[in-house]
Amino acid sequence: MGILIFIPTYNERGNVARLCQQLNALRELPTPVIADILFVDDNSPDGTGEVLDQLAAQFPQVRVIHRAGKEGIGTAHQVGIRYAYQHGYDTLITMDCDGTHPPEYIPEFLAESASPVAVGSRYLRRNSLDEWTWLRRLMTYGGHMLTRTFLNMPYDASSAYRRYRLKQVPLHIFDMVQARGYGFFFESLYALHVNRFAIHEVGIILPARGSGESKMSLQEAWRGISRIFTLWFSVARNRKRYKLVDSDSR
Ligand SMILES: Nc1nc2c(ncn2[C@@H]2O[C@H](COP(=O)(O)OP(=O)(O)OP(=O)(O)O)[C@@H](O)[C@H]2O)c(=O)[nH]1
Ligand SMILES: [Mg+2]
């Protein structure tokens, strides 16, 4: 089977319909992107779940999983990833719902065929974060500096805009990830990196968020930072912690 686009939502009522429409428009391109779309909504108080149900009734390619409450962005991605494996998709794209991950990059993600993983990177283009506030830029660059320094990863490790080729990546990689929140992104990329899966970066420009508010609170940012150090410490103590049995032969 083909492509699944996975999008976690929490209070994105004002953004879901537009994103859905933009993703459907990719079907009309000269090289059409025919994909199913899966939303995982955590019982958003703003009623995003009901809007998603309407979209699912309107478009057969849209599916919705409703969870009972806010369980974190990392566990939402785990649900999306497991759904993709269980339903036999070859390719999984993951992205945010807030308009910061323009769907125009999806064809570029798909065109790259050499790497099992592709990541949308905010560090390849000078103007990538021009529309963002200085505080949000500071947080993003700070996180990047920490993942570079402590986890030795050159990529944009906290980017949620990704493409995985599932036949080339074993599900077990994601079983190793413990972070339930934003730490999911660098922990999963770390597991891929140490197991020598090629990671391709696509330079993206991120517009400011559409409607609604960020869920990246100071508490979430702090949790992410402490997760980097926990990871660093646990890897220092047990070098095999994230290693698959056969990764040395890759
Ligand atoms: N299902 C689910 N989705 C979440 C949760 N937290 C965040 N999201 C979604 O994950 C995506 C990213 O969240 P954002 O609030 O945009 O976080 P961010 O991109 O780090 O921060 P900004 O873009 O700066 O606002 C959005 O689509 C959110 O709706 C959660 O606990 N559960
Ligand atoms: Mg965002």
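FYI, it's all coordinate maths here, none of it is from the lab. None of these values were measured; they are calculated from a predicted model. Glycine gets a Cβ as well: all are built from the backbone with ideal geometry, and neighbour counts include every protein chain shown.
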Report the normalised scattering of region 1-65 as log10 I(q)/I(0) at q = 0.13, 0.22, 0.23, 0.24 Å⁻¹, calculated by the Debye formula with identical scatterers on the alpha carbons. -0.33, -0.86, -0.93, -1.00
If we count other beta carbons within 10 Å of each Cβ, what is the order of Met153, Met145, Met95, fewest first? Met145, Met153, Met95
Global size of region 148-216 as Cα Rg and Dmax, reported in angstrom: 13.4, 38
Helix 16-25 versus the longest principal axis of the chain: what angle, 0 to 90°, nearest 10, using Cα atoms? 90
Less than 22 Å apart at the alpha-carbon level, and either on another chain or at least 8 residues along: which lysines does that give for Lys243? Lys167
Taking Lys and Arg as +1 and Asp and Glu as -1, residues besides Thr140 with C-beta under 11 Å from its C-beta add up to +2
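Using the per-residue mean of other Cβ atoms lying within 10 Å as a proxy for protection, in what order, highest first, do the peptides 41-54, 222-235 fall? Numbers along the way, then the final one.
Details: 41-54: 18.4, 222-235: 16.1.
Result, highest mean Cβ count within 10 Å first: 41-54, 222-235.
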Of Met216, Ile5, Thr147, farthest towards positive along the dipole that unit charges on Lys, Arg, Asp, Glu beta carbons give the chain: Thr147
Roughly how many debye, to the nearest 20, is the charge dipole of the chain about its Cα centre, given +1 on each Lys and Arg Cβ, -1 on each Asp and Glu Cβ, and no other charges? 1000
Acute angle (nearest 10 degrees) that the helix 183-194 long axis makes with the longest principal axis of the chain, alpha-carbon atoms: 60
Any chance you could give the angle, 0 to 90 degrees and rounded to 10, that helix 73-86 forms with the longest Cα principal axis of the chain? 80
Per DSSP helix of 4 or more residues, -39500 (n - 2.57); summed, then divided by the residues of the chain. What does that give at 222 nm, rounded to the nearest 500? -12000 deg cm²/dmol
Given region 3-244 reduced to its alpha-carbon atoms as identical point scatterers, what log10 I(q)/I(0) does the Debye formula return at q = 0.08, 0.15, 0.17 Å⁻¹? -0.28, -1.07, -1.42
